[in-house]
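Quick notes on the structure that follows.
The values are calculated or read from the model by the stated rules, or taken from the named source; none is laboratory data. Given the structure is predicted, the values throughout are model-derived calculations rather than measurements. A quick note on method: Cβ atoms are made from the backbone with ideal geometry, for glycine too, and the neighbour counts reach across all protein chains shown.
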């Protein structure tokens, strides 16, 4: 799960610790057809068309140039990071030291994962990516619904994945695959996933737009993105404010990545479950 995205200014330090290099995911409009290299100099006279011309040649522009910036400001909340994306303060990360909290006995009643998974309408052969899988709390539940499919359990913390691998050995589950991602790319192959699930993790992403761009690139045609987040609209939900998200804010941020809301699953005690598809 879930608590693993850090501050962008800390990206280099995190990369050194976990031995990976963060890089931006890239996607864009479908490759345009061009009628010969001789015409490209004319195209490049128009700055607005330059990126499309690069795509036509097979070169992808840096997605970071297309993403809204993450801005540093004085902290709006005591529990926030002081870094803002589209008006929302990015939360601090819960590292692997807090992994036991993910497996707390009361979580079943607080979050009702059974209702959440039922609302996703998974098919037996689906490929599901659990982004921020942590100890595998959701991955090991999802796998029961996809007996002919598989679950890609993505996390950027090797320590979390080590715990997950130990659980897989204990349980004998074979169709869950741990995947070490980066802060900007989950490491999923293009057009490979039917559903991407993010459980109480998106609000911590240090590079939300870049990560979403890479996630969208990984979706199969008709693929979906499901966002499970504590409801910011409900003050009774006993979670720190920066670890909550409103439905309106979620829709706004998903729209930047070309996603539209197609379903909201009701009935969960504390969380929104919002399902998105490509526009």
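From the list 169, 165, 144, 184, the one residue that fits, being closer than 23 Å to residue 275 by Cα and surrounded by fewer than 24 Cβ atoms within 10 Å (Cβ to Cβ), is 144. Looking only at residues in the range 147-162 that are touching a residue at least 60 places away in the same chain (Cβ under 8 Å) and part of a helix (DSSP H, G or I), the one that is surrounded by the most Cβ atoms within 10 Å (Cβ to Cβ) is 160. Does the range 263-274 contain at least one residue that is modelled with pLDDT of 95 or more, surrounded by fewer than 16 Cβ atoms within 10 Å (Cβ to Cβ), assigned to a strand (DSSP E or B) and touching a helix residue (DSSP H, G or I) at 6+ places or on another chain (Cβ under 9 Å)? Yes, because at least one residue in the range 263-274 is modelled with pLDDT of 95 or more, surrounded by fewer than 16 Cβ atoms within 10 Å (Cβ to Cβ), assigned to a strand (DSSP E or B) and touching a helix residue (DSSP H, G or I) at 6+ places or on another chain (Cβ under 9 Å). The lone criterion from (1) closer than 23 Å to residue 214 by Cα; (2) at pLDDT 95 or above; (3) out of contact with any strand residue (DSSP E or B) (no Cβ under 8 Å at 6 or more places or on another chain); (4) buried (at least 19 other Cβ atoms within 10 Å of the Cβ) left unmet by residue 86 is number (4). Scanning the range 180-203 for residues that are within 16 Å of residue 134 (Cα to Cα) and without any contact (Cβ under 8 Å) to a residue 40 or more places away in the chain yields one hit, 187. Between 174, 167, the distinction of being part of a loop (DSSP other than H, G, I, E, B), more than 17 Å from residue 257 (Cβ to Cβ) and either in contact with a helix residue (DSSP H, G or I) (Cβ under 9 Å, 6 or more places away or on another chain) or touching a residue at least 40 places away in the same chain (Cβ under 8 Å) (or both) belongs to 174 only.
Scanning the range 218-235 for any residue that is more than 25 Å from residue 126 (Cβ to Cβ) and buried (at least 19 other Cβ atoms within 10 Å of the Cβ) turns up at least one such residue. Answer with yes or no whether residue 221 is part of a strand (DSSP E or B) and more than 23 Å from residue 119 (Cα to Cα). No. Of the candidates 125, 129, 118, 133, the single residue that is free of Cβ contacts under 8 Å to residues at least 24 places away in the same chain and under 27 Å from residue 148 (Cβ atoms) is 118.
Within the range 177-202, how many residues are in a loop (DSSP other than H, G, I, E, B) and in contact with a helix residue (DSSP H, G or I) (Cβ under 9 Å, 6 or more places away or on another chain)?
Total meeting the criteria: 13.
Limited to the range 89-133, what total is found for residues that are on the phi > 0 side of the Ramachandran plot and modelled with pLDDT under 95?
0
Exactly one residue out of 277, 251, 229, 233 is touching a residue at least 24 places away in the same chain (Cβ under 8 Å) and either in contact with a helix residue (DSSP H, G or I) (Cβ under 8 Å, 6 or more places away or on another chain) or in a helix (DSSP H, G or I) (or both), and it is 229.
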